[in-house]
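To keep things clear, I will list the structure first and then write my remarks on it.
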Amino acid sequence: MTKNILITGASGMVGEALIKSLSKQGHNLNILTTQKNRVQSNVKCNMYYWNPINNEINLESLDGIEYIINLAGSPITQRWTKFTKKKIINSRVKSLSFLLNTIRENKLTSVKYLISASAIGIYPSSTTKYYDENYNQFDNSSFLSSVVKKWESAAMEYSSEGIKVSILRIGIVLGLNGGALPKIIKPIKMYSGAVLSNGNQWQSWIHIEDLVSIFLHLLETKVIGIFNAVAPNPVRQSELTFEIAKLIKRPILLPNIHKSLLKLVFGEMCSIVVDSQRVCSKKIKNTGFNFKFQYIHPALKSLIQSN
Ligand SMILES: NC(=O)c1ccc[n+]([C@@H]2O[C@H](COP(=O)([O-])OP(=O)(O)OC[C@H]3O[C@@H](n4cnc5c(N)ncnc54)[C@H](OP(=O)(O)O)[C@@H]3O)[C@@H](O)[C@H]2O)c1
């Protein structure tokens, strides 16, 4: 059945892949973008400008909308200064709360279901723990964890308006049109790839195709709750590096890059690559979702060899 769906943050890596699939299925798509110059409706979707920080939105974008998919967020891969930290938080929390206020104030009762992006960065770094969605001993000193907690609270707030809420704690998305993979491939291709830190940190990844399928699965089943969106078999950082090197036929010649050097270069943000999260995908599987890519080798092969 055709659905009326509003998507925020749709011009990013996940959004672009999702729009392709949703438009193939014939759904009516409205897009909210923060880039004025991108506002150009086409056969796939209607685009509208919004600025959640300045409370600017075109109400037409919400006309008849039943489903909201929230992907908006300023990238976390920028040096974490006081300014950028604020931007990373506001772009997630204010976007969600501004949209909810708009729904409330305008009594837009057609909205029934919100699926919001979240991240596995909510879980504390550990090489031994195996995290499922019931884990709640979050690390208050971690910037990422505190961002994600605020982000998820802002999403949960939608249930106060009778809107069903699903939250996806997304792992490292593997795709070629953005995200981590092209950044890892580039130095390896140039013979300057190296394992980061001691390489033992767990990286819970997901193939972009499976992530898109999870969004489609939620739209169909309308299950509610928090779900880890990661493949069933996370890998250590060293395994990820060597698998990529093998597939692009390059040796890893350099020694591991020490954690202190990563900290010096990237500052606090180095936690993105040195932290370890081994995350469990059982809950989403128990809703009837089947992963196409369960293991890292076929997942990487499908991307790298299609290039
Ligand atoms: N990719 C991953 O590995 C990964 C992992 C975990 C979680 N996530 C989360 O999943 C969501 C989608 O991921 P993605 O990789 O597609 O992200 P992305 O490529 O960085 O795209 C996010 C989108 O958010 C919008 N945006 C940027 N700055 C904004 C701001 N200041 N205020 C409001 N919106 C802003 C942009 O769309 P417009 O310019 O059109 O407004 C942008 O295209 C993000 O929230 C991300 O944090 C991603």
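The values are calculated or read from the model by the stated rules, or taken from the named source; none is laboratory data. Just so it is clear, the structure is predicted and the values come from calculations on it, not from any experiment. Note that we place each Cβ from the backbone using ideal geometry, even for glycine, and neighbour counts take in every protein chain shown. The protein model used for the area step is the full one, side chains on, heavy atoms only, and it has no ligands, DNA or RNA in it. Shrake-Rupley method; radii C 1.70, N 1.55, O 1.52, S 1.80 Å.
So here's what we get for this one:
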| item | result |
| --- | --- |
| Out of 195, 230, sole residue that is among the β-branched types (Val, Ile, Thr), open to solvent by less than 40 Å² (accessible area, probe 1.4 Å), under 25 Å from residue 71 (Cα atoms) and in contact with a Ser or Thr (Cβ under 7 Å, 6 or more places away or on another chain) | 230 |
| Residue match in region 129-148 (condition: within 14 Å of the ligand (Cβ to nearest atom), of a type in the set (A, V, I, L, M) and more than 30 Å from residue 255 (Cβ to Cβ)) | yes |
| Region 89-107 residues that are within 26 Å of residue 142 (Cα to Cα), paired with ones that are more than 10 Å from the ligand (Cβ to nearest atom) and part of a helix (DSSP H, G or I) (beta carbon under 6 Å, 6 or more apart) | 93/150; 93/154; 96/154; 96/155; 97/154 |
| Single condition residue 277 does not satisfy, out of (1) in a helix (DSSP H, G or I); (2) crowded, with 20+ Cβ neighbours inside 10 Å; (3) not charged (D, E, K, R) | (1) |
| Considering residues of region 31-58 that are under 22 Å from the mean Cα position of the chain (by Cα) and closer than 17 Å to residue 87 by Cβ only, the residue surrounded by the fewest Cβ atoms within 10 Å (Cβ to Cβ) | 35 |
| Residue among 166, 91 that alone is under 22 Å from residue 268 (Cα atoms) and small (Gly, Ala, Ser) | 91 |
| Residue under evaluation residue 169, criteria (1) of a type in the set (D, E, K, R); (2) within 11 Å of the ligand (Cβ to nearest atom); (3) open to solvent by 40 Å² or more (accessible area, probe 1.4 Å), criterion not met | (3) |
| Test set (1) open to solvent by less than 20 Å² (accessible area, probe 1.4 Å); (2) farther than 22 Å from residue 11 by Cβ; (3) under 19 Å from the mean Cα position of the chain (by Cα) - residue 79 fails condition number | (1) |
| Extreme residue, surrounded by the most Cβ atoms within 10 Å (Cβ to Cβ), among residues of region 83-98 that are more than 10 Å from the ligand (Cβ to nearest atom) and of a type in the set (Lys, Arg) | 85 |
| Evaluation of residue 80 against (1) more than 13 Å from the ligand (Cβ to nearest atom); (2) in contact with a Leu (Cβ under 9 Å, 6 or more places away or on another chain); (3) aromatic (Phe, Trp, Tyr) (one fails), failing number | (2) |
| Complete set of residues in region 230-263 that are touching a Cys at 6+ places or on another chain (Cβ under 9 Å), over 19 Å from residue 187 (Cα atoms) and among the hydrophobic types (A, V, I, L, M, F, W, C) | 230 |
| Filter result (in a helix (DSSP H, G or I) and either open to solvent by 20 Å² or more (accessible area, probe 1.4 Å) or more than 11 Å from residue 70 (Cβ to Cβ) (or both)) within region 99-110 | 101, 102, 103, 104, 105 |
| Subset of region 140-159 [open to solvent by less than 60 Å² (accessible area, probe 1.4 Å) and more than 17 Å from the chain's Cα centre (by Cα)] | 142, 158 |
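Yes/no per residue for (1) within 26 Å of residue 220 (Cβ to Cβ); (2) within 13 Å of the ligand (Cβ to nearest atom); (3) of a type outside the set (Val, Ile, Thr):
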| position | (1), (2), (3) |
| --- | --- |
| 1 | yes, no, yes |
| 4 | yes, no, yes |
| 22 | yes, no, yes |
| 35 | no, yes, yes |
| 47 | yes, yes, yes |
| 50 | no, yes, yes |
| 54 | no, yes, yes |
| 61 | yes, yes, yes |
